[in-house]
Structure formats: C-alpha cells, structure tokens
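These notes concern the structure reproduced below.
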Amino acid sequence: MSQLKKLDGSLVVSLFFIGGFSCLFVHSSSVNFGQYTSSFIMKQFIFYLIGFMIMFGISLLDIEQLKKIGWPFYGLAVALTAGLIVAPESIARTINEAKSWYQIPFLGSLQPSEFLKFAFLIVVSKVIISHQEKNGRPSYLADLWLLVKIGLIVLPPSLLVYKQPDTGMVMLYMAMILPMILFSGIHRKLLIVFTAIPLVLISIVVVLYVRFNDFFTEKILGALSGHQVSRIYGWLQPYDYIDSSFQVRQGFLAIGSGEFIGKGYLNNNVYVPEKHTDFIFSTIAEELGFAGGAFVIALLFFVIYRIVLITVEAKDPFMTLMGAGISSLLAFQITQNIGMTLGLLPVTGVTLPFLSYGGSSLLSNFMLMGIVMIIHKSYKGYMFKRED
C-alpha cells in the first residue's frame with residue numbers, strides 16, 4: 001500500500017476512466033456490421049489489467065535501476081524488430097501489406113516496434129546526460145558528435161521499422177526524440193540548423209507538389225511503397241481516389257453524423273474499416289457527438305498536462321528529458337490520430353493512445369506511464385528528505 005500511495009492519483013484515475021471509454025467503444029466498434037465474429041472488449045480489458053500491473057511494476061524501480069535496463073532492453077527490442085525480416089510467415093504474418101507482428105499462440109500478436117519507444121527514451125536520455133556531464137560548455141564538435149551518437153542509436157532500428165513498412169511508428173520516434181534533443185543543451189547555432197533542416201525539406205516537398213507535380217510524382221512518391229502512395233493520394237485528393245480514401249471519407253462521415261450530442265451508445269451505423277483500432281475516435285464522436293468527443297480529447301490532454309507538471313517538479317535533467325519525450329510523443333500521437341480521422345492529416349496507422357484496441361500499443365504506453373510514476377515518486381521522495 002505504501003508503494004501505491006507514491007503513484008500520482010489523478011493520473012491513475014484519468015487512465016482508469018480512459019480505460020472504461022476504451023473498453024466500451026472497442027466493443028461498440030466491433031459488434032456492428034458483422035465484420036467480426038465476436039467483440040474485443042474482453043481482450044482489451046485484459047490488456048488494461050496487464051498494463052496497470054506493468055505500470056505499477058516499473059514504478060517500483062528507482063532511476064538508477066531504470067538506467068541499467070536501458071541498453072539490454074534496447075538490444076532485445078532491436079533484435080526482435082530485425083528478426084521480423086527473416087521470420088517465417090507462420091510466426092510473423094504479413095497483415096495489411098506490413099510485416100510488423102509476431103504471432104504468439106493463445107496470446108495474440110506482439111509488435112516489437114512499439115517497445116522501441118521505451119528503449120529509445122531511456123538510452124537517448126542516458127547518452128545526452130553523459131554528454132552534458134563530460135562537456136560543461138557547449139561546443140560545435142562535441143554537440144555534433146552527440147547528434148551523431150543519437151543518430152546511430154535511433155536511425156538503424158527506425159529504418160527497419162520503415163521497411164516493414166510502418167511510417168507512422170517512425171514519426172512517433174521522431175516526435176519523442178526531437179524534443180529531447182531540444183532540451184539537451186546543445187549549441188544554439190547548431191540547434192537552429194538542426195531545426196531548420198526538416199522545415200526546409202518539408203517546404204521543398206510542398207513546393208514540388210504544388211508547382212512541379214510530375215517531378216513530385218516520379219521522384220518523391222516513386223521512392224515510397226504502393227501502400228504509402230495510395231494513402232497520400234487518398235488524403236490529398238479523397239474524391240479522385242475513391243478506393244484509397246474510403247476509410248477516411250467514412251470516418252469523416254461517422255464523426256459528422258454524430259452532430260453535437262451523438263446517436264447514443266451502440267447506435268453507430270456508418271461503416272468504417274478497422275473502426276476499433278486506428279479509427280476508434282470516429283465511433284466515439286458518432287455515438288457521443290461533439291460534446292463527448294471533446295470530453296475524451298480533454299481527458300487525454302489532461303494526462304499530458306499531469307506528465308508535464310510532474311516533469312517540471314522533478315528538476316532533474318534525466319527525468320526532464322524522459323518527461324519531455326513522453327509528453328511530446330503522446331501529444332503528437334493524439335493529434336495525428338484524430339487529425340487523420342477528420343481528414344486533416346494523412347492516414348499513418350497511428351493508434352489513439354489508451355483508447356484504440358491493441359495489446360502492444362497499450363502495454364508500451366503503460367510502460368511509459370511507469371516511467372512517469374518513477375519521476376513522480378523520485379521528486380516526492382526528495383521533497384520528504386528535504387523536510388526531514
């Protein structure tokens with residue numbers, strides 16, 4: 001009980017309520033239209049129980065123990081991700097043109113790329129802190145070497161994930177790691193260059209699409225897989241590419257049909273493929289309307305708000321880096337998922353944190369919440385020590 005008291009109560013309660021919404025709407029999304037033979041609610045409920053146990057288990061560690069498991073866990077996650085390349089179809093089946101999961105008898109599937117988030121978070125934070133301790137004052141060469149080391153840690157596994165293909169997961173890695181680099185204390189001019197490069201590249205791509213569409217189609221889109229190209233065109237020109245944009249158009253229709261207060265629980269009647277996973281927000285908005293959808297979004301961002309407050313209170317560089325990475329990751333993931341269901345952003349296969357059906361995604365996010373609980377426990381402990 002003493003360990004339970006060290007958890008952040010408001011964060012636990014928020015996750016409990018989000019879990020209730022998740023189970024209810026995973027059930028609602030999977031029972032209509034005869035798409036599935038049974039509901040996924042029991043599996044999601046079990047995933048949530050396991051997730052809470054994992055969060056509590058990780059929260060029992062201290063910061064030094066967390067640092068020690070970083071590299072071994074990184075090695076395991078990378079090995080499992082690389083193993084998908086040679087794994088036979090019997091244990092790593094291709095689903096929706098992506099080979100991203102191991103099939104585990106009686107348990108379901110395991111997506112190792114999800115657990116790379118936990119590994120990257122700890123290892124990159126360790127490398128940055130070690131760099132800060134060795135180099136008191138920022139210097140171009142030392143800071144450039146730091147960026148190289150981070151690149152060597154992150155890029156090879158990210159390329160493996162990209163080749164699966166899973167562009168959305170790579171985007172999540174970048175959303176987590178880039179803020180950590182911004183907080184790393186590297187030289188300001190180098191930071192400006194580092195920030196400007198992706199902005200310039202995005203600007204070039206936009207200009208090529210608008211002014212030089214033939215070149216864009218041949219050279220830029222030609223480097224992507226057919227699945228990725230169809231998603232991009234389905235987003236940019238949804239009514240010209242009917243097949244590619246079907247999921248987006250149906251999701252948008254479901255959300256719009258919910259109006260302000262929704263149609264009521266279990267009354268979703270707009271068919272959206274895989275509605276219980278990536279597009280679960282379309283079910284929530286259809287059944288609860290704008291009011292219910294806004295409440296769920298507020299609940300999700302309250303979780304991020306608590307993480308930010310906990311991180312700020314910690315006042316420890318290692319904890320600050322991890323807290324910044326986790327809060328940025330979740331904020332980006334929520335924005336990307338809801339944005340794609342509204343047709344504002346391209347479909348990337350990114351789940352809605354703590355709401356979408358899926359064991360690997362849910363458990364990996366609870367592992368991150370375990371780190372948040374360690375940060376909360378640590379600064380609470382320091383406060384009590386100072387008072388004594």
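Here is how the numbers come out for the structure above:
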quantity: Chymotrypsin sites (Phe, Trp or Tyr not before Pro) restricted to DSSP loop in region 14-66 with at most 16 other C-beta within 10 Å; calculated: Phe33, Tyr36
quantity: Heavy-atom accessible area order for Arg188, Arg306, largest first, 1.4 Å probe; calculated: Arg188, Arg306
quantity: Label point distance in nm, Tyr36-Thr335, each placed 7 Å from Cα along Cα→Cβ; calculated: 3.0 nm
quantity: Heavy atoms of Val13 accessible to a 1.4 Å probe, total area in Å² rounded to 10; calculated: 80 Å²
quantity: Distance violations [Cα-Cα > 31 Å] among Lys117/Lys189; Lys117/Lys275; Lys67/Lys163; Lys126/Lys189; Lys163/Lys263; calculated: Lys163/Lys263
quantity: Global geometry of region 281-371, whether rounded, prolate or oblate, following the gyration tensor of its Cα atoms and the 1.5 cut on a/c; calculated: prolate
quantity: Zone of Ile261's modelled label, taken as backbone nitrogen in region 288-305 under 14 Å from a point 7 Å along Cα→Cβ; calculated: 288-292
quantity: Relative contact order (%) - the chain, alpha-carbon pairs under 8 angstrom, separation at least six; calculated: 27 percent
quantity: Order of exposure, largest accessible area first, which applies to Asp166, Asp316, Asp243 with probe 1.4 Å; calculated: Asp243, Asp316, Asp166
quantity: GluC sites (Glu not before Pro) restricted to DSSP loop in region 226-290 with at most 14 other C-beta within 10 Å; calculated: Glu259
quantity: Tail beyond 23 Å, pair distance distribution of region 5-87 (Cα, percent); calculated: 50 percent
quantity: Point-to-point label distance, Glu133-Phe301, nm (Cα→Cβ direction, 7 Å offset); calculated: 3.8 nm
quantity: Accessible area of region 50-131 belonging to carbon and sulfur atoms, whole % at 1.4 Å probe; calculated: 71 percent
quantity: Heavy atoms of Glu64 accessible to a 1.4 Å probe, total area in Å² rounded to 10; calculated: 100 Å²
quantity: Lys189 versus Leu107: modelled label distance in nm, points set 7 Å from Cα along the beta carbon direction; calculated: 5.2 nm
quantity: Global form of region 65-117, assessed from the alpha-carbon gyration tensor, a/c cut-off 1.5; calculated: prolate
quantity: Helical segments meeting 20 Å axial Cα length and Kyte-Doolittle -0.5 threshold in the chain (DSSP H); calculated: 9-31, 41-59, 63-86, 112-134, 140-162, 167-182, 188-211, 280-314, 317-341, 359-387
quantity: Val210, Val123, ranked by accessible area, largest first (probe 1.4 Å); calculated: Val210, Val123
quantity: For region 163-294, the Rg and Dmax computed from alpha carbons only, in angstrom; calculated: 19.3, 55
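The values are calculated or read from the model by the stated rules, or taken from the named source; none is laboratory data. Bear in mind that the values here come from a model prediction, so they are computed numbers and not experimental data. When we count neighbours, we look across all protein chains shown, and the Cβ atoms used for this are built from the backbone with ideal geometry, even at glycine. For accessibility, only protein heavy atoms count, side chains too; no ligands or nucleic acids. Shrake-Rupley method; radii C 1.70, N 1.55, O 1.52, S 1.80 Å.
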